[in-house]
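One structure is given below, encoded as C-alpha cells.
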Amino acid sequence: LLNRPGDQLYKESWQENLAKPLEDSQHRKQGLLFRVCNEWFVLDLNMVREVATAREVKPLPGKTGKIFRGFVNINGEFLLCVSLKNLLKLDSVIQAEHKTTPRLIVANHRDRTWVFGVDEIMKVVQYGTVEKSDIPANANPGHVYSSCLLDLEERRAGLLDFPRLASSFERSSK
C-alpha cells in the first residue's frame, strides 16, 4: 500500500505550494478591519487601545467643528473625539450588507489618544507584503490617509497611516 506511486496531480499541487516563497511570520502584522460609510480600512493593531460601544459626544463650545467633535467618556476618561468620516470626506450613504452596530475606536499615537466612530468592525486581520498593493490614481479620495491597499480574503481595504491621520486630528482640535 505504501509503495504504490502517488497521484500525479496531487504531487504537482504540493510542488506548487512548496515552491511559493514563505513570508516570515515575524514580518506579518495585525490590524483591525473596519468600515466607515462604504469604505473599508485597516488600522495597525499596535495603535488600537480599545473598541467601545458608540456613546454621546460632548461638544466643546467654540471648538467643535466638522472634524473635531468634542469629548467622549471612555471608562471614566474624557478623550478627544474626531470624525474620520468628515476628515476623509466620505459619502454618508451606507450600504451595509447586514445589520451593523456602530462602534468607537480608541487609538493611541505618541502621547495622545483619539476616539473616532466607525460603522462596522469586522475582525482582526493579518497582513504582510504579499497583500499590499499601491493605491491607484482613480482610488476614492477617502484613501488619502492610506499608505497602501490590502487585498484581504474578504475585501480590499486601505491601510491607514495613523501618524499622518493623528497629525490632521491634532490640527483640527486646535
* With +1 on each Lys and Arg Cβ and -1 on each Asp and Glu Cβ, how big is the dipole of the stretch 30-174 about its Cα centre, in debye rounded to the nearest 20? -> 640
* Cross-link partners among aspartates and glutamates for K66, C-alpha distance below 18 Å, same-chain residues fewer than 8 apart left out? -> E56, D91, D119, E170
* Asked: By per-residue mean of other Cβ atoms within 10 Å, what is the highest-first order of 52-60, 163-171?
  -> 163-171, 52-60
* Compute the projected area of the convex hull of the Cα atoms of the stretch 81-174, averaged over all viewing directions, and report it in nm² to one decimal place. => 7.1
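Can you pick out the pairs among K58/K85; K58/K89; K58/K174; K29/K123; K63/K85; K89/K123 whose Cα atoms lie more than 20 Å from each other?
The answer is K58/K89; K89/K123.
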* Structure fact -> Note to self: with every protein chain in place and a 1.4 Å probe, the stretch 74-174 gives an accessible area per residue in Å² of 55
* Asked: With all protein chains present, how much of the accessible area of the stretch 75-174 (probe radius 1.4 Å) comes from carbon and sulfur, to the nearest whole percent?
  -> 46
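The values are calculated or read from the model by the stated rules, or taken from the named source; none is laboratory data. Because the structure is a prediction, the values reported are computed rather than measured. Backbone-built Cβ (ideal geometry, glycine too); neighbour counts: all protein chains shown. Ligands, DNA and RNA are stripped out before the accessible areas are found, and what is left, the full protein with its side chains, is counted by its heavy atoms. Shrake-Rupley method; radii C 1.70, N 1.55, O 1.52, S 1.80 Å.
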